[in-house]
Amino acid sequence: FRSPAVALMPDVTVKPLRSKANAIINLMGTAGGILVLVLGMVFATSAVRNQMMNYTVFYAVIAGIMVTALVIFLLTVKEKAWSKQMQEDSIRFGIEEEETEDNTEKRKLSKSEIRSLLFILASIALWYFGYNAVTSKYAVYAGNILDKDYNTTMLIAQGAAIISYVPSGSIASKFGRKKTILAGVIMLATAFTCAAFTRAESATWMMNAMFALAGVAWATINVNS
């Protein structure tokens, strides 16, 4: 559902507001992630005593939340009407010209544009490749190496991300998206590098700081990409 949901936003949002709208999408997605982590704490999914637990009730609760969200979405989102309104607003505010037979001619991308597009796609693929490589095994790593509750530590990262989404969009408006993304990449690399040397006996405040930094960095990258 993620790809079509994210693709819906630019179809119903005028161009100047899309970065802010993307920040809200990511904020709400992270809020959903936090909800799941809180439920994980309620069901004690990371507790040693529950390593062989039955997840049926936990999955049923998550499924119920998602179905409820889907029903709200279907009842409240008026895609065709909003898309038409967006097109009318774009013309009215001079963001885009009204399409006529004279200006609907399609042009091919230049070599530099194609190169830029490929680099952007490669960057996004590598960001997710690296980030998911870490998070996919993190639940095991947190329990076995750090001796920490997976849900609690991820909650710190997600909370930091939520606080960062809107400000990172504003910072990008001032300094540019590319510079802001590069800053996020440096922060994320720093957080993961430092985290690689942490163990169960490491200071809790330092670990929490790295989790928070990773959340801020991922938000900075994600919103502006």
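The values are calculated or read from the model by the stated rules, or taken from the named source; none is laboratory data. For clarity, every value in this text was computed on a predicted model and none was experimentally measured. Don't worry about glycine lacking a Cβ; one is built from the backbone with ideal geometry, like all the others, and counts go over all protein chains shown. Each accessible area value is taken on the protein alone, full model and side chains, heavy atoms only, with ligands, DNA and RNA left out. Shrake-Rupley method; radii C 1.70, N 1.55, O 1.52, S 1.80 Å.
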Exercise for review: Scan the stretch 42-79 for residues that are loosely packed, with under 10 Cβ neighbours inside 10 Å and either of a type in the set (D, E, K, R) or modelled with pLDDT under 90 (or both) and jot them down.
Suggested key: VAL48, ARG49, GLN51, MET52, ASN54
Exercise for review: Examine the stretch 34-41 for a residue that is open to solvent by 80 Å² or more (accessible area, probe 1.4 Å), aliphatic (A, V, I, L, M), out of contact with any strand residue (DSSP E or B) (no Cβ under 7 Å at 6 or more places or on another chain) and more than 14 Å from MET154 (Cα to Cα), and state whether such a residue exists.
Suggested key: no
Study note, to complete from the structure: Expected output for the stretch 41-69 (first residue in contact (Cβ under 8 Å) with a residue 24 or more places away in the chain, partner among the hydrophobic types (A, V, I, L, M, F, W, C), Cβ below 8 Å, 6+ apart or cross-chain) is MET41/LEU155; THR45/MET53; THR45/PHE58; SER46/ALA139; SER46/ALA142; ILE62/VAL36; ILE62/LEU39; ILE65/LEU35
Point to revise | Residues located in the stretch 135-185, provided they are of a type in the set (D, E, K, R) and part of a helix (DSSP H, G or I) | key: LYS174, ARG177, LYS178, LYS179
Revision key, fill the gap. Scanning the stretch 3-28 residue by residue, the ones that are free of Cβ contacts under 8 Å to residues at least 12 places away in the same chain and under 15 Å from the mean Cα position of the chain (by Cα) total 5
**Study point:** Matching residues, the stretch 44-101, being of a type in the set (S, T, N, Q), under 26 Å from the mean Cα position of the chain (by Cα) and farther than 30 Å from LEU17 by Cβ
**Key:** THR45, SER46
